[in-house]
1. Given the conditions (1) closer than 18 Å to residue A:2 by Cβ; (2) touching a residue at least 40 places away in the same chain (Cβ under 8 Å); (3) at the interface with chain B (Cβ under 8 Å from one of its Cβ atoms); (4) not charged (D, E, K, R), which single one is not true for residue A:44?
2. Of all the strands (runs of 3 or more DSSP E) wholly in the stretch B:52-112, which have at least 3 residues that are under 21 Å from residue A:43 (Cα atoms)?
3. Restricting attention to the stretch A:1-43, which residues are assigned to a loop (DSSP other than H, G, I, E, B), over 16 Å from the mean Cα position of the chain (by Cα) and at pLDDT 95 or above?
4. Can you work out which of the residues in the stretch A:11-25 that are polar (S, T, N, Q) and within 18 Å of residue A:62 (Cβ to Cβ) is most open to solvent (accessible area, probe 1.4 Å)?
5. Read through the list (1) within 12 Å of another protein chain (Cβ to nearest Cβ); (2) free of Cβ contacts under 8 Å to residues at least 40 places away in the same chain; (3) surrounded by 15 or more Cβ atoms within 10 Å (Cβ to Cβ), then give the number of the only condition that residue B:68 fails.
6. Can you find, within the stretch A:92-103, the residue that is farthest from the chain's Cα centre (by Cα) among those that are open to solvent by less than 30 Å² (accessible area, probe 1.4 Å) and not hydrophobic (A, V, I, L, M, F, W, C)?
7. Suppose the filter is modelled with pLDDT of 95 or more, in contact with a helix residue (DSSP H, G or I) (Cβ under 8 Å, 6 or more places away or on another chain) and surrounded by 12 or more Cβ atoms within 10 Å (Cβ to Cβ); does residue A:46 pass it?
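The values are calculated or read from the model by the stated rules, or taken from the named source; none is laboratory data. These numbers come from a predicted model, not from an experiment. Don't worry about glycine lacking a Cβ; one is built from the backbone with ideal geometry, like all the others, and counts go over all protein chains shown. Accessible surface areas use protein heavy atoms only, side chains included; no ligands, DNA or RNA. Shrake-Rupley method; radii C 1.70, N 1.55, O 1.52, S 1.80 Å.
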Amino acid sequence: AQSVAQPEDQVNVAEGNPLTVKCTYSVSGNPYLFWYVQYPNRGLQFLLKYITGDNLVKGSYGFEAEFNKSQTSFHLKKPSALVSDSALYFCAVRDNSGYSTLTFGKGTMLLVSP
Amino acid sequence: DGGITQSPKYLFRKEGQNVTLSCEQNLNHDAMYWYRQDPGQGLRLIYYSQIVNDFQKGDIAEGYSVSREKKESFPLTVTSAQKNPTAFYLCASSRGMGETQYFGPGTRLLVL
């Protein structure tokens, strides 16, 4: 069975500082990895995904994520946080079969202070 | 304007009542999904459909039913058998099974 762990319920960072939201996964075979963001009472918005290729993936709004196969991690990063980045972030994984569904982590709340 | 719409935004259910949540997409996506979101639990898959007239149970299908009679539509019925229906329900679609999912704005279901 596949699984995702987001070890931090909440991450606090000051505006302008770099941010990291952690994600580790477990899956059979090669993973497909995703990050989504959710603002209050809204649906999820797709940020970025890793399927194959370069371990550093760039996505929307200046976010990027680094795939590390040996550590089974896919941490989300941004060089300089904005107050408007404050939201709930979800990591998700599936295996590389054509019929697999996504498994989501429990989410990490990011709070960026002015 | 392409996207996924869900209605209503808020829905109230009385004891013993079935209620239906609407999900429509005009993205020409084959696959559609229903998730339930509870605080601190992330998203859990209720049902999914890879193609019209076909659907599969997800991880927490008990107390729910779906239909997929049209490509654009994937309504979810919360039946009276679902004893704890209060949650935020999210619909998603993807071009094909396993591809990037795009989400609707959600429906919050509350029990009176």
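1. Residue A:44 satisfies every listed condition except (1).
2. B:76-78, B:87-94, B:107-111
3. Across the stretch A:1-43, the qualifying residues are A:15, A:16, A:17.
4. A:17
5. (1)
6. Filtering first and then ranking leaves A:100.
7. Criteria met by residue A:46.
To keep it simple, each residue is scored yes or no on (1) within 23 Å of residue A:102 (Cα to Cα); (2) open to solvent by 40 Å² or more (accessible area, probe 1.4 Å); (3) among the hydroxyl-bearing types (Ser, Thr, Tyr).
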residue: A:54; (1), (2), (3): yes, yes, no
residue: A:59; (1), (2), (3): yes, no, no
residue: A:70; (1), (2), (3): yes, yes, yes
residue: A:84; (1), (2), (3): no, yes, yes
residue: A:87; (1), (2), (3): yes, no, no
residue: A:90; (1), (2), (3): yes, no, no
